[in-house]
There are 2 protein chains.
Amino acid sequence: MLLRATPPHTFTHTLHATSDPQPLRVWICSQRARSVKMPSYSWLLALYLAALTGNTDGAVARESTERNCSSTPPYLPSTAVNTSLQLEELRVQMRAMNISAYIIPATDAHLSEYIAPRDARLAFMTGFTGSAGTAVVTLNKAALWTDSRYWVQAERQMDCNWELEKDVSISSVAQWLISEVPKGDEIGFDPFLFSLKTQEDYNINLESSDRSLKSITENLVDKVWKERPSVPPDSLTRLPDRVIQRTWQEKVEHIRTQMGDSPYKPTGLLLSALDETAWLFNMRGNDIPYNPFFYSYTLLTMDEIWLFLHMERVTEELKVYLNASCEGALCVQLKGYDTILDHLKNYVSRPGVKVWIGTEYTNYALYEVITPQDKLLTSSYSPVLTTKAVKDETEQQILRDAHVRDAVAVIQFLMWLEKTVPEGNQTELTAAEYVDKCRSKQKDSRGPSFGTISASGPNAALAHYSPSKETNRRLTVDEMYLVDSGGQYLDGTTDITRTVHWGKPTEMQKEAFTRVLMGNIEISRTIFPSGTRGVNMEMLGRRALWEVGLNYGHGTGHGVGNYFGVHEWPVGFQSNNIPFRAGMFTSIEPGYYKENDFGIRIEDVAVVVPVQTKYGNNYLTFDTVSLVPYDRKLIDTSLLSSEQLHFLNKYYKTIRSLVGPELDNQGLREEKDWMLRNTEPFAEIGSSASVSSSSLTLIALAVALLHNIV
Amino acid sequence: MLLRATPPHTFTHTLHATSDPQPLRVWICSQRARSVKMPSYSWLLALYLAALTGNTDGAVARESTERNCSSTPPYLPSTAVNTSLQLEELRVQMRAMNISAYIIPATDAHLSEYIAPRDARLAFMTGFTGSAGTAVVTLNKAALWTDSRYWVQAERQMDCNWELEKDVSISSVAQWLISEVPKGDEIGFDPFLFSLKTQEDYNINLESSDRSLKSITENLVDKVWKERPSVPPDSLTRLPDRVIQRTWQEKVEHIRTQMGDSPYKPTGLLLSALDETAWLFNMRGNDIPYNPFFYSYTLLTMDEIWLFLHMERVTEELKVYLNASCEGALCVQLKGYDTILDHLKNYVSRPGVKVWIGTEYTNYALYEVITPQDKLLTSSYSPVLTTKAVKDETEQQILRDAHVRDAVAVIQFLMWLEKTVPEGNQTELTAAEYVDKCRSKQKDSRGPSFGTISASGPNAALAHYSPSKETNRRLTVDEMYLVDSGGQYLDGTTDITRTVHWGKPTEMQKEAFTRVLMGNIEISRTIFPSGTRGVNMEMLGRRALWEVGLNYGHGTGHGVGNYFGVHEWPVGFQSNNIPFRAGMFTSIEPGYYKENDFGIRIEDVAVVVPVQTKYGNNYLTFDTVSLVPYDRKLIDTSLLSSEQLHFLNKYYKTIRSLVGPELDNQGLREEKDWMLRNTEPFAEIGSSASVSSSSLTLIALAVALLHNIV
């Protein structure tokens, strides 16, 4: 799945990259909505439906779809949400706390990339449902900051209580605050929704302005949000043994060993990211769309384990599994989710303790109680995240298996498109629906891993496009089509992008596609020492494009794993990602986007594997585990080096040997034939070195023969 | 010139990388010692000579060359320096300041990579003359930290007053301090010799240990160093107009424009690095070996210019040049070098001022007086360093010209070696001497730009080797030879490495050499968008090596420019270097080192130039300006891609067209023939794409002919 766009040629430091513009949509509408209780989210559904239908299905077909606050009276489209009441009520709360402004971020207390409906405070306050943004409310003004992907959506959804601000840097928010908040006044924020870095950035920007931040642990939006969705009542689940190699007890011991080995001698480790606790206990939940997580924190000490969660969701069986009735080193003491702050304070007050946190995923509320400084140990990522990044043998095998089944679904889907698009009845939306359906038939399917990006022609040039009724395009043989989709399976998470053309592509489209493919291949086939960083290799994904002056404005890949979020950090090609080791899985996804014309992306997931070299040890390369052929029509083999051609043919052979039997098993004969047709080997000449010698032989032969004739 | 070694596969953050193990040697002994007054440095010379001769020329020929402090009585070689007196005197000073430890770094107040003899406080205190290290003296102990390059040298030069510590991290020094300094006591340091980062690192490491740092602006070593060399009395010089495009007034206006454009509205800019002031005023000095700098600071405000230097060295002519008799916006007010701190304090006390500093080169003494915080504006590098990084048209042209003359010198040298080495009389030292001599004959020569690395066989495997009498090897046709050298010219600084073999190289040597060359070529020929960082491309220099499990443990290149230090930061391939723009010059220097066997490095300087691409604008590539052919014997052309071969032949054509006429001008006929022989084009087959089609034609032809015959 595509990462958030970055300015061309820069390498983003943003950790919580996301590109999903409507995180609630597929979650609510999907066939695989995992027993969501609809009524409690009805307000969100209404909001969503309003946004989805816009004015195209509305009563006044000709009215503008965007607000106009400078006309008299102000014009509001039917999609705009009246936010006067919630603003009024929030300001009452603000006055009571003696603050002149209140900052509302878009994340949750775990700094999650995707959030649950009950954390959609920004949407509740502003009406705007996009996934990225920051709102600030003062006693007489309100403003939303969001990036260019969402400007139109914001103008459709917000009423005239709200200004829209377009520079999303924290310094821009701070500048606005300095201009709106009187000197000496305080600006409130919920420290549970701020990372350390966010807090620091605001602090630096407000420094010496004589306005200060005030940390308020009780969220003021929640106080006025009467119909705030409750935590899903679903019971939590443990993973079945067949997908597990290391028990939670083994994982706990392994992490404790790392704590003991640290020269800084931490006594406790605080886990805040939702996938950290899910990984440690081999458990999953259902709280966040596309992400099988549950609200939780863990405080792991050398001789105790405290798991903070909504206890009513823990079954008796699970209590036995967690050994929850004792207090020993391998007993999990269950504590209420909301008691984390008190327990942490209490633990920190003990003499001689030192708490280890990963700064990238710990919120400021928890951080600020770990004082004095010598009770704190920080690293960017907790040892759980760095350990989790390297998959064990079972995890590697089942994730490969999931990709074989996923390939069957995608092959089925691509074949179906090839057949039905020329008939003229398919659209971006029907295609997106069909790919979900194909995946849902595969064993252990648990729904999509993100909202499918299904984009035809110019829509695909918007790298972060997601189809809606308003933008939906019919698929035709005259346009390129890009589909970026993935599945959750009990054994693994998948993520793949293919770009196809059902008619006659232009020369430029072929060249761009081939160069994107060359980028994908150059990364995939490169050999590098263990410990090399992705950011130091990712230019290989761009180099063939750069050669002719083309490029793309997003990242080149992200970690992915076993039934977790589709962006499984900190693995990947970004500058804040950790060095590659054998057993890590990452997407590789170069692209090219021609504005108002077409978009290309070729994304595969690959696993880092050891490789034998002539002289050295400890070298690695990638092994591609996504197993779907590329559109042959779009490949100009004359641009490929012999090494690239050879790599491609070897990959196609692997697809045949791994996906072929699975297609047979599933009795998909037509799909098998389609796969075989699309993995025919390309003509290879051999490596450039052998070419030159064979050419010389041929020349000699030709010359000899000519002499004989003459 | 080689950068400091980094752990394999990591990318160093160290800015002041250096590899020169004996910075004083060539400076003192060189023929081009720039009118150094020898007597005032006599103590250093004695020290150096002792180190140089060691026991090989000493009275007791069989004695051990290293100290043994655990024998009774302790054994000291004749090279060891008795430091009891200076330690005793330093401790008197320490007691007077009420400190229990004193830290002595190896740098100067400008955080220079090379230092002048008067700043060699570490050598004076310890006896150890290596370029890198930190000494700490407590009331009853003394310890030196230095890296593995210098351990043997330290054991030879230090007496038993000193412990040698081998983990050079600040945390290791801090650990030692915590174990040696009583709780509650203070540790003194000279803030002029600490960078912000060094101070912060010590602070973090001592935090919560109940030992604190005490900043003492008067250096305690200087107080006991009676024969401390004085500042060289030489007059400073201005650069002649023929090497200048922008007058200092234009540069000042340009920098002021950048200050005015900053949203943070700085009122003043403090320049601390010696090349900043030298660049701004188009002036040079003679204070530091190999570096044409003079002790100075500049405080540039929007309407004043204060230049801090040793005023007695400013001639009347220079005063006129600097417009030093007035106080307007384009008048340079000359102030005493030692008054910087008072003037800065005074300026900071003015209301409404804000001082911009580059944190990488500003010492802690100056930083700490810029308070409160809102009077400070920081960036890693000052706008002078980032502006200076892009050379103007004149600078580019004269730096290219300097490389043509430098190539003549190096070609002369390589030809001479080829002739004389088989006769058996050349050594690493005679070779190093000869290359200096060759350069000295070229127009505008100003001596070597660093101590030549002249290394044969296993010596070259020590990437940072520099020959001495003790280690000197005879050059033979049986060993590879590596020479890394450079010259200072009035118009430019050069830096080039060639590796040669005068006999029959092994297959492995050929393969390694060819793969190093492939790395050099792959970086040089790559096309990239303006603004790409070197660190994101430098793996191209390693990739051909990685493919067979080889690698190198140092950086891949550094900026270089017009008569400045040979490492001209912040341009280069390190992670703290700035993005590439057209007009920047950098070295490109991959290598390979086989322990106890041989070493290979191929280093060229290249300029970043715009390139026309098929679809895009604003793309760049490198144009190599070092113009000396590689050893043909070591190139296995079968490993090269057709693109690499083509690049190589084009480069050789450029050497012929640029160096040929200069060799003619200088009447060097034999050298011209040697150059022509060594730049013969290699057989090219054409690009892989055209190969395949031509091969197919040949196959068709052969088949047709066979048919005719049968």
(message) What does the C-alpha gyration tensor say about the overall shape of region B:532-573? Classify as rounded when a/c is under 1.5, otherwise prolate if a/b is larger than b/c, or oblate.
(response) prolate
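Would you mind estimating how fast region A:509-624 diffuses translationally, via Stokes-Einstein at 4 °C and 1.567 mPa s with the Kirkwood radius over Cα pairs, in µm²/s? Could the numbers behind the result be given before it?
Details: Rh = 14.5 Å.
Reported coefficient: 89 µm²/s.
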(request) Could you work out the mean count of beta carbons from other protein chains within 10 Å of each residue's beta carbon in B:539-552? (result) 6
(request) Count charges around A:Lys141 for me, please; just the other residues with Cβ under 13 Å from its Cβ, Lys/Arg as +1, Asp/Glu as -1. (result) -2
(message) Using the Cα centre of region A:91-144 as the reference point, and only Cβ charges (+1 on K/R, -1 on D/E), how large is the resulting charge dipole? Debye, rounded to the nearest 20.
(response) 320 debye
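Hey, what did region A:321-440 get for relative contact order, percent, Cα under 8 Å, at least 6 apart? Please report the intermediate quantities before stating the final value.
Details: 77 pairs, mean separation 18.6, N = 120.
16 percent.
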(message) Report the Cα centroid-to-centroid distance between region B:214-270 and region A:93-123 in angstrom, as an integer.
(response) 50 Å
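Please give the net charge around A:Asp119, taking every other residue with its beta carbon less than 14 angstrom from that of A:Asp119, where Lys and Arg add +1 and Asp and Glu add -1.
-2
Given the pairs A:Lys594/B:Lys391; A:Lys319/A:Lys388; A:Lys614/B:Lys197, which are separated by over 32 angstrom at their Cα positions? Numbers along the way, then the final one.
Working: A:Lys594/B:Lys391 34 Å; A:Lys319/A:Lys388 24 Å; A:Lys614/B:Lys197 42 Å.
The answer is A:Lys594/B:Lys391; A:Lys614/B:Lys197.
If you take each beta carbon of peptide B:635-648 and count the beta carbons of other chains within 10 angstrom, what is the mean?
Values: counts 0, 1, 2, 6, 2, 3, 6, 4, 2, 1, 2, 0, 0, 0.
Whole-number average of other-chain Cβ neighbours for B:635-648 is 2.
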(request) For B:Glu393, place a label point 7 Å out from Cα along the Cα→Cβ vector, do the same in each other copy, and report the separations in nm, one decimal, smallest first. (result) 6.8
(message) Starting from the 7 Å offset along Cα-to-Cβ, what nm value, one decimal, do you get for the label separation of A:Thr315 and B:Ser212?
(response) 6.0 nm
(message) Between region B:544-611 and region A:443-463, what is the separation of their alpha carbon centroids in Å?
(response) 42 Å
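With a ≥ b ≥ c the root eigenvalues of the C-alpha gyration tensor of region A:317-399, is it rounded (a/c under 1.5), prolate (a/b larger than b/c) or oblate?
Working: a/c = 2.26, a/b = 1.26, b/c = 1.79.
Cα axes put region A:317-399 in the oblate bin.
Rounded to the nearest 0.05, what FRET efficiency do A:Gln245 and A:Asp338 give with R0 = 41 Å and r taken as the Cβ-Cβ distance? Could you check? Write out the running numbers ahead of the final one.
Details: r = 34 Å, r/R0 = 0.82.
Given R0 = 41 Å and the Cβ-Cβ separation, E is 0.75.
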(message) Can you give me the long-range amide H partners of B:Ser626? Hydrogens built in the peptide plane at 1.01 Å from N, cutoff under 5 Å, separation of 5 or more residues or another chain.
(response) B:Val605
(request) Would you tell me the mean number of C-beta atoms belonging to other protein chains that fall within 10 Å of each C-beta in B:521-532, as a whole number? (result) 3
(message) Going Cα to Cα from B:Lys354, which aspartates and glutamates come in below 16 Å? Please leave out same-chain ones fewer than 8 positions away.
(response) A:Glu207, B:Asp261, B:Asp303, B:Glu304, B:Glu368, B:Asp374
(message) Just to be sure I understand: if I project the alpha-carbon convex hull of chain A onto a plane and average over all orientations, what area do I get in nm²?
(response) 36.6 nm²
(request) Would you work out the relative contact order for region A:67-222, in percent, from Cα pairs under 8 angstrom that are 6 or more residues apart? (result) 26 percent
(message) Report, in listed order, any pair from A:Lys443/A:Lys510; B:Lys265/B:Lys345; A:Lys265/B:Lys183; A:Lys443/A:Lys672; B:Lys443/B:Lys633 with a Cα-Cα distance greater than 29 Å.
(response) A:Lys443/A:Lys510; B:Lys443/B:Lys633
(message) Out of all Cα-Cα pairs in region B:441-548, roughly what percent, to the nearest whole number, are more than 21 Å apart?
(response) 54 percent
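For chain B, what's the relative contact order in percent, using C-alpha pairs closer than 8 Å and at least 6 residues apart?
12 percent
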(request) Specify the inter-centroid distance of region A:374-407 and region B:339-389, based on alpha-carbon positions, in whole Å. (result) 45 Å
(request) Just add up the charged neighbours of B:Asp190: K/R +1, D/E -1, any other residue whose Cβ is under 13 Å from the Cβ of B:Asp190. (result) -2
(message) Could you tell me how many cubic angstrom of Cα convex hull volume the protein assembly as shown has per residue?
(response) 209 Å³
(message) Suppose only helical runs count, i.e. DSSP H with n ≥ 4. What mean residue ellipticity at 222 nm does that imply for chain A under -39500 (n - 2.57) per run, divided by all residues and rounded to the nearest 500 deg cm²/dmol?
(response) -10500 deg cm²/dmol
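Rule-based calculations on the coordinates, nothing more; no lab input. If you're wondering where the values come from, they're calculated on a predicted model, not measured in any experiment. A quick note on method: Cβ atoms are made from the backbone with ideal geometry, for glycine too, and the neighbour counts reach across all protein chains shown.
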